[in-house]
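Working notes for the structure below.
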Amino acid sequence: MYATPDGALILQDDRARSLSMSDGDPQSKSSHSVARQFRDARGKLLGWLRRRVPDPSEAEDLLQDTFLRVTQRDTTDDVAHFEGYLYRTAESVLADRYRRRSVRRADAHIALEPEGHQAEDADALRALLARERLRAVSASLMTLPERTRTVFVLRRLEGLRYGEIAARLKVSLSTVEKDMARAVDHLMLEGDAA
């Protein structure tokens with residue numbers, strides 16, 4: 001069974017084909033009557049379902065399930081209040097849906113969204129590049145003379161002022177400034193080479 005773009009429902013199983021081929025069969029008239037009544041109530045029922053489920057395609061699926069249940073019922077007698085029966089069946093289909101979703105914990109599932117994973121991949125790539133850059137800078141710092149490296153680390157990593165560094169290392173302020181300039185120049189050259 002499937003729906004055509006104009007909303008008509010087409011049955012494709014053997015039972016439906018055999019029913020539609022028999023002209024005088026009361027069961028055939030009953031199934032045509034059900035299909036006609038369902039087609040008449042389709043728009044209202046679909047609107048009712050769309051107000052209860054957020055996804056329009058899921059509302060269409062629920063509508064199809066409702067029609068399937070109505071057509072597969074055992075009795076072929078006409079229902080006195082078909083529209084009420086149809087809505088009651090739709091409520092049952094909707095309740096089954098919620099029951100299945102709660103058992104499967106469908107709300108706890110994380111949907112696969114390629115856009116979100118691309119951002120995570122980009123973040124992971126950035127982190128990898130940053131680690132590689134840090135390793136390169138560390139290796140470059142290790143090639144500096146010890147005092148120059150110490151001045152750079154105390155200034156950039158520990159945040160000390162030039163005067164504090166000079167006092168700690170017992171050197172002049174001018175020496176600290178020159179060592180810092182040498183370290184920055186060295187790192188800039190190494191960065192341009194990489």
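The values are calculated or read from the model by the stated rules, or taken from the named source; none is laboratory data. Just so it is clear, the model here is predicted, and its values are computed rather than measured. Reconstructed Cβ throughout: ideal geometry from the backbone, glycine too, with neighbour counts over all protein chains shown. Accessible surface areas use protein heavy atoms only, side chains included; no ligands, DNA or RNA. Shrake-Rupley method; radii C 1.70, N 1.55, O 1.52, S 1.80 Å.
Assorted remarks:
- Looking across the stretch 45-55, the residues that are free of Cβ contacts under 8 Å to residues at least 40 places away in the same chain and surrounded by 12 or more Cβ atoms within 10 Å (Cβ to Cβ) come down to L46, R50.
- Residue in the stretch 171-191 that is in contact with an Asp or Glu (Cβ under 8 Å, 6 or more places away or on another chain), at pLDDT below 90, open to solvent by less than 90 Å² (accessible area, probe 1.4 Å) and of a type in the set (G, A, S) present: no
- Residue check for V93: within 30 Å of Q37 (Cβ to Cβ) and either modelled with pLDDT under 85 or over 22 Å from the mean Cα position of the chain (by Cα) (or both): yes
- G159 being modelled with pLDDT of 90 or more and not in a helix (DSSP H, G or I): yes
- Count of residues meeting criterion [part of a helix (DSSP H, G or I) and either at pLDDT 85 or above or of a type in the set (A, V, I, L, M) (or both)] in the stretch 111-137: 16
- Test: residue in the stretch 56-75 that is open to solvent by 80 Å² or more (accessible area, probe 1.4 Å), at pLDDT 80 or above and assigned to a helix (DSSP H, G or I): yes
- When A136, A166 are checked against the criterion of being aliphatic (A, V, I, L, M) and touching a residue at least 24 places away in the same chain (Cβ under 8 Å), A136 stands alone in meeting it.
- For the stretch 98-110, the count of residues that are at pLDDT below 90, open to solvent by 50 Å² or more (accessible area, probe 1.4 Å), assigned to a loop (DSSP other than H, G, I, E, B) and over 27 Å from L63 (Cβ atoms) is nonzero.
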